[in-house]
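The values are calculated or read from the model by the stated rules, or taken from the named source; none is laboratory data. Only a predicted model underlies this, so the values are computations on that prediction, with no experimental measurement involved. Cβ placement follows ideal geometry from the backbone for every residue including glycine, while neighbour counts extend to all protein chains displayed.
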Amino acid sequence: MKRLLLVFLMSLLLVSLGQTAWSADDGANKSYESPVVVSVGVTSWYPAYTTTYTQPYKATTSEFMLGPRVSFSYKDFFLGASWITAASGINWSTGNSFLDQNEKQSALNLILGYMFNQYVGLFGGYLYETGSYKYNNSLISGIHLLSNTLQGPGLGVTGKLPIGDNFFLYLNGSWMWATFTWDGFPSYTRNVLTIDGGLVLRFAESAAVSLGWKHQMNFLYSYSSVYLGSESFTGPTLSLTWSFGS
């Protein structure tokens, strides 16, 4: 991740992702007491991968992802955008040389929401994710490339609970109706459930750090809409945010 913020890399303790998730912000901007708040920062996730889908391949490494985010709030309304991309890919192995591949993901996440009170809100948004694969195939010599997209709208609930002047807990849950497309193949449904939560610490007038945990479950279907199983990505998250109010 040479193009990402070096100063934040120095502070990372935990983090990353196997496939990117669509979810709300951790709410760090709402800890800044002002009717108008603009926040900028960096966010990351580092999950483990499991699947119920019976295939002869398995993930041999996790995928570290990191990227910038920006959000804006006016009173009880908030909107945000984030871009997260892989520093390294997931290595998939079949146990033989037929199909060994390295997967890298990037995603644009857009959200718009409303807080009913200081504790609970609703949000909607859109995820556009791209994946690139490098793979070795024993039947065809050399390195080969594939790409895919995962995109669609979603709805979710967000909540926070203050536990002190500079601390609060947050919890988000969302459901996404996504369409998944491979190069040269028909598109099909891949719904996504995401749950994440954690602790936000405001350690300066304009800065906050959040440490949390995120679980993403992708429900897999065939081209004929037959349910095949699920895959999960679970792991710690870490974000750093600077907020400016007026």
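Annotations
- Taken over the stretch 67-78, the criterion of being within 12 Å of MET115 (Cβ to Cβ) and either free of Cβ contacts under 8 Å to residues at least 40 places away in the same chain or part of a strand (DSSP E or B) (or both) is satisfied by SER73, TYR74, PHE77, PHE78.
- Candidate set from the stretch 194-212 (those that are hydroxyl-bearing (Ser, Thr, Tyr) and within 30 Å of TRP177 (Cα to Cα)); member that is nearest to the chain's Cα centre (by Cα): THR194
- Flag if SER230 is part of a strand (DSSP E or B), more than 25 Å from GLY67 (Cα to Cα) and either in contact with a Leu (Cβ under 6 Å, 6 or more places away or on another chain) or at pLDDT 80 or above (or both): yes
- Options THR43, THR61, THR54, THR85: the member that is modelled with pLDDT under 75, among the hydroxyl-bearing types (Ser, Thr, Tyr) and surrounded by 14 or more Cβ atoms within 10 Å (Cβ to Cβ): THR61
Per-residue answers, yes or no, for (1) at pLDDT 85 or above; (2) under 18 Å from ASN191 (Cβ atoms); (3) of a type in the set (Ser, Thr, Tyr):
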position: TYR114; (1), (2), (3): yes, no, yes
position: TYR119; (1), (2), (3): yes, no, yes
position: TYR126; (1), (2), (3): yes, yes, yes
position: ASN136; (1), (2), (3): no, no, no
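- Test: residue in the stretch 177-199 that is under 21 Å from PHE77 (Cβ atoms), modelled with pLDDT of 85 or more and not β-branched (Val, Ile, Thr): no
- Test result for LEU169, surrounded by 14 or more Cβ atoms within 10 Å (Cβ to Cβ), over 18 Å from the mean Cα position of the chain (by Cα), assigned to a strand (DSSP E or B) and without any contact (Cβ under 8 Å) to a residue 60 or more places away in the chain: yes
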